[in-house]
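The structure appears below as C-alpha cells.
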Amino acid sequence: NNVAKAEEVLFQMRQAKIRPNSVTWTTLMQGYSNHGDVDSAERIFARISEPDCISFNTLLQAYVKSCDEDGACHVLARMRNANIQQNDSTSKILQRLNTTSMRKSQESPLPSTSRAAISRGIWDGECSPRPC
C-alpha cells in the first residue's frame, strides 16, 4: 500500500527532525484522495500551516472523486476565506464534479443554475450555489 509507505516516510522524517513542507503534505493528501479517503486528506490538509492553491485543489479533488458536492463547496468557501485565487486547475476539477454528478445521478441531476455555479466556482457565504 503506497499510502502506508508514505506514512512511514513521514514518520521517518519526523524522527530525523525534518519538517514536512507543503509538497510533502499535498503528496500525502493526493495518495489519500486516490484511495477515496477524504477524511485523511482533510486531516493532512489541517496540518498545512499556509495552504496554497495547489493544496486546496488537492483537497477539492478528493471531494470531487468521492462525489461529495457539499464537501467541494465547503473547500471553495474555505479557499475564498483564505484569499486564495482559484486557477484553471480549480475550474477543471469543478467541471469534473459537474460531469460526475450528472453521470451518477441521472434521475435527479443538479439544476442548471447549480451546475453552472459549480463549473465556475461561484458560491455565496452559506456555501450553496448562487443563481447565475
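Per-structure values
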read-out: Whichever residue in region 31-48 is assigned to a loop (DSSP other than H, G, I, E, B) and at pLDDT below 90 and, among such residues, is most open to solvent (accessible area, probe 1.4 Å); value: His35
read-out: Selection within region 49-70 - closer than 18 Å to Ile84 by Cβ and either among the acidic types (Asp, Glu) or open to solvent by 60 Å² or more (accessible area, probe 1.4 Å) (or both); value: Ser49, Glu50, Asp52, Ile54
read-out: Number of positions in region 41-75 that are closer than 17 Å to Ala4 by Cα and free of Cβ contacts under 8 Å to residues at least 12 places away in the same chain; value: 1
read-out: Residue that is farthest from the chain's Cα centre (by Cα), among those in region 10-24 that are surrounded by 13 or more Cβ atoms within 10 Å (Cβ to Cβ) and either at pLDDT 90 or above or among the aliphatic types (A, V, I, L, M) (or both); value: Met13
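The values are calculated or read from the model by the stated rules, or taken from the named source; none is laboratory data. As the structure is a computational prediction, the values presented were derived from the model and not from experiment. Glycine also receives a Cβ, built like all others from the backbone with ideal geometry; neighbour counts cover every protein chain displayed. We work out accessible area using only protein heavy atoms, side chains counted, and drop any ligands, DNA or RNA first. Shrake-Rupley method; radii C 1.70, N 1.55, O 1.52, S 1.80 Å.
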